[in-house]
Structures are given as C-alpha cells and as structure tokens.
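Values quoted throughout were computed directly from the atomic coordinates according to the rules given, and no laboratory measurement underlies them. Model, not experiment: these values are computed from the prediction. Note that each Cβ is placed from the backbone with ideal geometry, even for glycine, and that neighbours are counted across all protein chains shown.
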Amino acid sequence: MAAKLGCVVGELDEAGARAKPALLGSLSGSAKILEEFGGTWHQAERVYLFANWPMLEAALQHLAEEREKSRLR
C-alpha cells in the first residue's frame, strides 16, 4: 500500500530505544492526517515515526481512501 502512495516503510533504530515503524516519502500535504494517526515528524531522519505498526497501517489506509475519493470526484 505504501508504494502506491509513493512511500516506503521501515523501522528507525534510535539509540537506547526500540525500533519504531517509520514512513518515508513525499507526504508534506498529508502531515495533518499522519499526525492524527499518531505519526510524529523526525526532522533529522526526515521520516514520520509511529508507536506501532497498526497505527502506521491505519494512516496508510486512510490516505489511500482519501486519494481514491479525490480521484473519483
């Protein structure tokens, strides 16, 4: 799903912390939606971080649905 949105998913390892799901891509227009789903911008790595995979997946699903709706208008 991420690839269809022009994004890449992975994990970001931060020193002393567990790896967090991360989303990389051209998402500046979607910042509000990503934040609504718990995403936080990591300036140094230029990715959105999520607390867990289900939150990231829910954000991607919502973005995909919104793009589909706008495409059909």
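Does residue 64 satisfy the criteria of being assigned to a helix (DSSP H, G or I) and touching a residue at least 40 places away in the same chain (Cβ under 8 Å)? The answer is yes for residue 64.
For residue 24, all conditions in the list (1) surrounded by 13 or more Cβ atoms within 10 Å (Cβ to Cβ); (2) in contact with a Leu (Cβ under 8 Å, 6 or more places away or on another chain) hold save one; what is the number of the exception? Of everything listed in (1) surrounded by 13 or more Cβ atoms within 10 Å (Cβ to Cβ); (2) in contact with a Leu (Cβ under 8 Å, 6 or more places away or on another chain), residue 24 misses just condition (2). In the range 27-50, the qualifying residues are those that are farther than 21 Å from residue 66 by Cβ and not aliphatic (A, V, I, L, M), and the one that is surrounded by the fewest Cβ atoms within 10 Å (Cβ to Cβ) is 43. Of the strands (runs of 3 or more DSSP E) lying entirely inside the range 12-58, those carrying at least 3 residues that are under 9 Å from the mean Cα position of the chain (by Cα) and free of Cβ contacts under 8 Å to residues at least 40 places away in the same chain are 20-25, 47-49.
For the range 59-73, the set of residues classified as exposed (fewer than 13 other Cβ atoms within 10 Å of the Cβ) and within 11 Å of the chain's Cα centre (by Cα) consists of 61 only.
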